[in-house]
Amino acid sequence: MYDSDQIFAESDLLTGLPTVAAARAWLDDARPVQAMLVGLHRFQAVNKAYGSGAGDRVLAEIARRIESFAGEELEGERIVARLAGGEFLVASRQLASRERWQWLAEVLAVAIARPLRVEGVDVSIAPRIALLRGRAGEGGPALLDRLDQALASLQRQAVRRLLWADGSHKARGRSEAQLEADLIGAMDRDEIAVLFQPQYAVAGGKLTGAEALARWNHPEMGRIGAETLFAIAARGDHVVQLSRHIARRALSFAADWPARLRLSLNVTAEDLATADFRAAIERELAESGLAAERLTLEITEQTLVADLAAGRAALEALAAHGLKVALDDFGTGFSNFRMLRALPLDALKLDASLVRDIAADPRDRAILRAIVQMAGALDLSTVAEGVENEDQLAVLRAEGCATFQGFLRSGPVTQDEMLALAQA
């Protein structure tokens with residue numbers, strides 16, 4: 001087994017991910033593995049057009065998206081590494097069917113290609129992804145070589161974005177149109193499960209509430225995570241319908257929690273763009289019986305890119321109604337500080353990438369300290385995501401962070417499990 005301290009020592013300064021040396025060592029194992037090698041087609045054009053600084057920020061955001069995808073969709077032992085330039089490795093030891101692995105690669109490609117805001121302009125990065133399932137006894141260098149050859153072939157093609165490194169034909173996958181149709185029926189068949197990520201006070205460890213999450217238990221494709229679920233919904237223009245379905249169920253569940261616990265709901269750009277967004281939230285609150293003061297709406301910078309003024313107006317109206325607003329994924333975007341002035345915020349949610357190395361890297365701890373102090377000066381609370389060990393929690397406590405969530409205390413839980421936690 002590859003040592004975690006060695007992976008940390010060989011992590012990339014830009015993205016915080018393991019580098020090629022760590023990836024080779026992780027792959028150099030007799031156990032079975034599936035892998036993807038992601039390349040960013042013509043990424044150098046971004047550096048030429050906007051400068052290397054902008055290119056670095058784009059790479060950091062792409063790395064965040066890939067890491068988020070892996071966390072949502074891959075169970076068991078896995079690695080996400082940056083190999084060189086704009087190339088990233090995603091590998092898992094929990095083997096999926098060939099169909100599912102290809103389908104996951106297609107969904108990852110969609111997530112990577114979502115527009116990024118660079119110097120005031122929306123830029124889309126076109127990914128290319130090579131896939132393989134390792135052969136018995138095949139070592140790390142041989143695996144990476146096969147992936148690299150397949151990716152090089154893809155980069156020479158204008159349109160195609162997926163290629164199996166074994167030279168075989170593509171797996172027969174479920175069509176996008178069929179998945180979109182499946183999703184509409186899934187809401188009626190109760191296949192969309194609402195889970196809750198518990199949140200705890202850093203000081204004292206008391207349960208304070210939970211963030212609502214969604215999973216699709218597809219009868220043929222298996223478990224589908226939230227990011228993939230919403231990517232499918234976006235292709236069929238069903239995001240608002242899905243979002244409201246999740247909100248309705250989450251609010252109904254949270255109404256049964258003790259009154260001291262809060263519910264956090266994620267808001268999409270499509271939600272904010274609807275004319276009845278405010279009315280819909282207020283209606284769902286009234287029907288559920290949950291007090292408005294117990295609900296936090298989580299938004300991201302990307303949610304507001306299309307129309308900041310309209311989004312701000314809707315959020316201000318809801319804030320006046322008693323709801324709280326949190327800026328999610330803080331520290332991963334390009335212009336978060338503008339949002340601090342423009343929005344009626346109550347909290348900042350610190351992305352897991354800001355928390356991961358705070359106990360080992362003095363620079364990361366200094367960044368955390370500065371953000372928490374800034375938030376305090378602005379009368380904003382702070383919530384840390386992705387807390388996995390006691391050392392991280394000790395730093396958060398010392399620096400004055402208010403709330404945390406993560407596998408240190410609990411992963412996502414069902415409604416029954418959430419009620420049990422509340423009564424513990």
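Across the range 390-416, the qualifying residues are those that are part of a loop (DSSP other than H, G, I, E, B) and closer than 23 Å to K324 by Cβ, and the one among them that is farthest from the chain's Cα centre (by Cα) is G400. Checked against the criterion of being open to solvent by less than 30 Å² (accessible area, probe 1.4 Å), among the aliphatic types (A, V, I, L, M) and assigned to a loop (DSSP other than H, G, I, E, B), the candidates A96, A111, A70 yield just one match: A96. Condition test on R341, is it under 29 Å from V123 (Cα atoms), at pLDDT below 95 and surrounded by 15 or more Cβ atoms within 10 Å (Cβ to Cβ)? The answer is no for R341.
The rows are residues; the columns are (1) more than 14 Å from S92 (Cα to Cα); (2) modelled with pLDDT under 80.
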{"site": "D5", "(1), (2)": "yes, yes"}
{"site": "E10", "(1), (2)": "yes, yes"}
{"site": "A21", "(1), (2)": "yes, no"}
{"site": "D28", "(1), (2)": "no, no"}
{"site": "R42", "(1), (2)": "yes, yes"}
{"site": "L59", "(1), (2)": "yes, no"}
{"site": "A63", "(1), (2)": "yes, no"}
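Restricting attention to the range 394-413, the residues being open to solvent by less than 30 Å² (accessible area, probe 1.4 Å) and within 20 Å of F196 (Cβ to Cβ) number 7. Of the residues L327, L242, L251, L318, the single one that is aliphatic (A, V, I, L, M) and under 27 Å from V355 (Cβ atoms) is L327.
Residue count for the range 241-268, restricted to those that are over 22 Å from T403 (Cα atoms) and open to solvent by less than 40 Å² (accessible area, probe 1.4 Å): 6.
Being over 20 Å from the mean Cα position of the chain (by Cα) and assigned to a helix (DSSP H, G or I) is the filter; apply it to the range 246-264 and report the residue that is nearest to A201 (Cα to Cα). My answer is A254.
For the range 174-200, enumerate the residues that are outside any helix (DSSP H, G or I) and loosely packed, with under 14 Cβ neighbours inside 10 Å.
Correct list: S175, R189, D190.
Checking E316, E298, E284 one by one, the residue that is crowded, with 18+ Cβ neighbours inside 10 Å, part of a helix (DSSP H, G or I) and modelled with pLDDT of 90 or more is E284 and no other.
Tell me which residues, restricted to the range 368-389, are of a type in the set (A, V, I, L, M, F, W, C), open to solvent by less than 60 Å² (accessible area, probe 1.4 Å) and more than 24 Å from the chain's Cα centre (by Cα).
Residue satisfying the conditions is M374 alone.
The values are calculated or read from the model by the stated rules, or taken from the named source; none is laboratory data. Bear in mind the structure is a predicted one, so any value in this text is a computation, not a measurement. When we count neighbours, we look across all protein chains shown, and the Cβ atoms used for this are built from the backbone with ideal geometry, even at glycine. With ligands, DNA and RNA removed, areas are computed over all heavy atoms of the protein, side chains included. Shrake-Rupley method; radii C 1.70, N 1.55, O 1.52, S 1.80 Å.
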